[in-house]
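Trainee: Once you've had a glance at the structure underneath, I'll fire off some questions.
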Amino acid sequence: MSGTLLIKNKIKKFNKEIKVTGDKSLSIRWVLLASQATGKSRAHNLLMSEDVLAAIDSIKKLGIKVKIYKNYCEIFGNGINGFNFKKNLTIDAKNSGTLGRLILGLLIRSPIKIKLVGDKSLSERDFSRVTKPLQKFGAKFYYKKKNKLPLSILGSNSTKGINYLESRGSAQCKSSVMLAALNSTGTTSIKARKSRNHTELLFKYLKIDIKVKKTKKYDFIDIKQPKKIPSFNYQIPGDISSSAFFIALTTLTDESKLLIKNVNINSSRTGIIKILKKMGAKILLKNQKNYRGERISDIFIKSSKNLKAINCSSELNSSAIDEFLIIFLIAAKAKGVSYFKDIAELNQKESPRLDWGSKILNMMGVRTELTKDSIKIYGQPNLEIKKMITIKNYLKDHRIFMMSTIAALTCGGKWKIYDMDSINTSFPTFLTIIKKINKK
């Protein structure tokens, strides 16, 4: 057993200031793009979670030199397609869908087969979503079990740009194709349903030839292969997905205030703020600034007693896809019936999160109505749990662990939450920050 968290008491009121760890999406993208740059790149506040360390280990196996210091990390890139492809190489993406899918985009010119593996959870996820478009570049894929890990990729030495429709709103699939475009002659054209745009912003900052035309539902992206990518330094801002748990904690704890410093508030990621504000949460963005194309801000939150239900617009889904579990918890304490639709994508995550969100609320005594792509939550503003709740066998999904922890601290009851080490994939300091907030 990998550690069990017992929570018997609700959190006491607080007024604190915190910093959360570096943005996971940006951390993994920095590692992969720095490996394609020419020369030494340096990142401060790089998230040192299992997902990011797996990305670092992957590029090291591909011949890229990496140095990790106390406060920063250095990567010595060998240029585009500058990997050293060794025989019998296995890349382990562990639990990271971002790493697993994105690194395949960088391997489309591998002259030998490279094996990609992952943990039990990642091995259940559909990889055809990236292998199908990458095949159009000329890469070949070999499976033991169709469309699932483990798989092997064999690249092509004559990759040409493709046309690609990304219809699900997956930043991972879009970014994998964008990284493949770095290794392909001509132009790669992507029509992508709205999703987070960190890769586009990094490409623009690195002066890669990229054109983006935005419409209401889709972005049209054209990328031309660059001759080289310059080395670059990056100060990774705080992660909005990690901040979400503390936004919820403060919102649901009486007479409390919290300031979270220096968080990435990229508009493709701030669905949680828009949704919770519509529900009556008191959230204020302070000291906003632009950094390398990303919006950075301090987030100030006050507790809110008068939360109201929401009929959530599907247009907000892609910008809140990783935060819905914690949004469901807020809805459980809101007045009225909240409705979230077109969210089947939640069941394609580290665990079937839509199903699990409903299951945990039911355990708490909250009524839900669940379909394969929607949920209705019948809120109870005066919800107080008196019983024992046990959370286990959830595929070690870090967000289920953290959502359950926040539920325990704000709704009462006695909670036994298994697999405490699940947080190491994305937010190893989560419980340390909880203790800091709870300390008088």
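Yes/no per residue for (1) without any contact (Cβ under 8 Å) to a residue 12 or more places away in the chain; (2) closer than 30 Å to residue 334 by Cβ; (3) more than 23 Å from the chain's Cα centre (by Cα):
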position	(1), (2), (3)
209	no, no, yes
215	yes, no, yes
220	no, no, no
229	no, no, yes
240	no, yes, no
244	no, yes, no
249	no, yes, no
255	no, yes, yes
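Trainee: Tell me whether region 32-47 contains one or more residues that are assigned to a helix (DSSP H, G or I) and either of a type outside the set (A, V, I, L, M, F, W, C) or surrounded by fewer than 19 Cβ atoms within 10 Å (Cβ to Cβ) (or both).
Mentor: yes
Trainee: Another question, if that's okay. Taking the conditions exactly as written (closer than 20 Å to residue 352 by Cα and in the same structural domain as residue 51 (by TED's automatic domain parsing)), does residue 139 satisfy them or not?
Mentor: It is false that residue 139 is closer than 20 Å to residue 352 by Cα and in the same structural domain as residue 51 (by TED's automatic domain parsing).
Trainee: Could you please find all residues in region 125-165 being within 20 Å of the chain's Cα centre (by Cα) and over 22 Å from residue 57 (Cα atoms)?
Mentor: Result: 126, 128, 129.
Trainee: Working only within region 230-272, note down all residues that are in contact with a Phe, Trp or Tyr (Cβ under 9 Å, 6 or more places away or on another chain) and closer than 30 Å to residue 158 by Cβ.
Mentor: Within region 230-272, 231, 232 qualify.
Trainee: Pairs please, first residue from region 163-192 and closer than 19 Å to residue 271 by Cβ and modelled with pLDDT under 95, second anywhere and assigned to a loop (DSSP other than H, G, I, E, B) and among the polar types (S, T, N, Q), Cβ atoms under 8 Å, 6+ apart in sequence or on different chains.
Mentor: So the pair list comes out as 169/195; 169/317; 170/195; 171/195; 171/197; 171/268.
Trainee: Also: So for region 315-324 (the condition being of a type in the set (Phe, Trp, Tyr) and within 29 Å of residue 236 (Cβ to Cβ)), does at least one residue qualify?
Mentor: Looking through region 315-324, at least one residue is of a type in the set (Phe, Trp, Tyr) and within 29 Å of residue 236 (Cβ to Cβ).
Trainee: Residue 80 - would you say it is without any contact (Cβ under 8 Å) to a residue 60 or more places away in the chain, farther than 23 Å from residue 422 by Cα and either of a type in the set (Gly, Ala, Ser) or buried (at least 18 other Cβ atoms within 10 Å of the Cβ) (or both)?
Mentor: In short, no.
Trainee: Taking region 397-427 as the region of interest, how many residues are polar (S, T, N, Q) and either under 14 Å from the mean Cα position of the chain (by Cα) or in a loop (DSSP other than H, G, I, E, B) (or both)?
Mentor: Residues meeting the conditions: 3.
Trainee: Can we say residue 417 is β-branched (Val, Ile, Thr) and modelled with pLDDT of 95 or more?
Mentor: The answer is yes for residue 417.
Trainee: I'd like to check something: does region 285-294 contain any residue that is buried (at least 23 other Cβ atoms within 10 Å of the Cβ) and either within 28 Å of residue 381 (Cβ to Cβ) or over 22 Å from the mean Cα position of the chain (by Cα) (or both)?
Mentor: No, because not a single residue in region 285-294 is buried (at least 23 other Cβ atoms within 10 Å of the Cβ) and either within 28 Å of residue 381 (Cβ to Cβ) or over 22 Å from the mean Cα position of the chain (by Cα) (or both).
Trainee: Could you check, for region 89-110, whether at least one of its residues is under 21 Å from residue 156 (Cα atoms), charged (D, E, K, R), without any contact (Cβ under 8 Å) to a residue 60 or more places away in the chain and assigned by TED's automatic domain parsing to the domain that holds residue 178?
Mentor: No; the residues of region 89-110 include none that is under 21 Å from residue 156 (Cα atoms), charged (D, E, K, R), without any contact (Cβ under 8 Å) to a residue 60 or more places away in the chain and assigned by TED's automatic domain parsing to the domain that holds residue 178.
Trainee: Can you report the number of residues in region 111-144 which are touching a residue at least 12 places away in the same chain (Cβ under 8 Å) and either farther than 27 Å from residue 351 by Cα or among the basic types (Lys, Arg) (or both)?
Mentor: The number of residues fulfilling the criteria is 12.
Trainee: So, in region 127-178, of the ones that are of a type in the set (A, V, I, L, M, F, W, C) and surrounded by fewer than 18 Cβ atoms within 10 Å (Cβ to Cβ), which residue ends up nearest to residue 31 (Cα to Cα)?
Mentor: Only one residue fits best here, namely 154.
Trainee: Show the residue pairs that are 6+ apart or on different chains and have beta-carbon atoms under 6 Å apart, the first residue being within region 50-69 and more than 18 Å from residue 118 (Cβ to Cβ) and surrounded by 14 or more Cβ atoms within 10 Å (Cβ to Cβ), the second being of a type in the set (Ser, Thr, Tyr) and at pLDDT 95 or above.
Mentor: 64/35
The values are calculated or read from the model by the stated rules, or taken from the named source; none is laboratory data. Because the structure is a prediction, the values reported are computed rather than measured. Note that we place each Cβ from the backbone using ideal geometry, even for glycine, and neighbour counts take in every protein chain shown.
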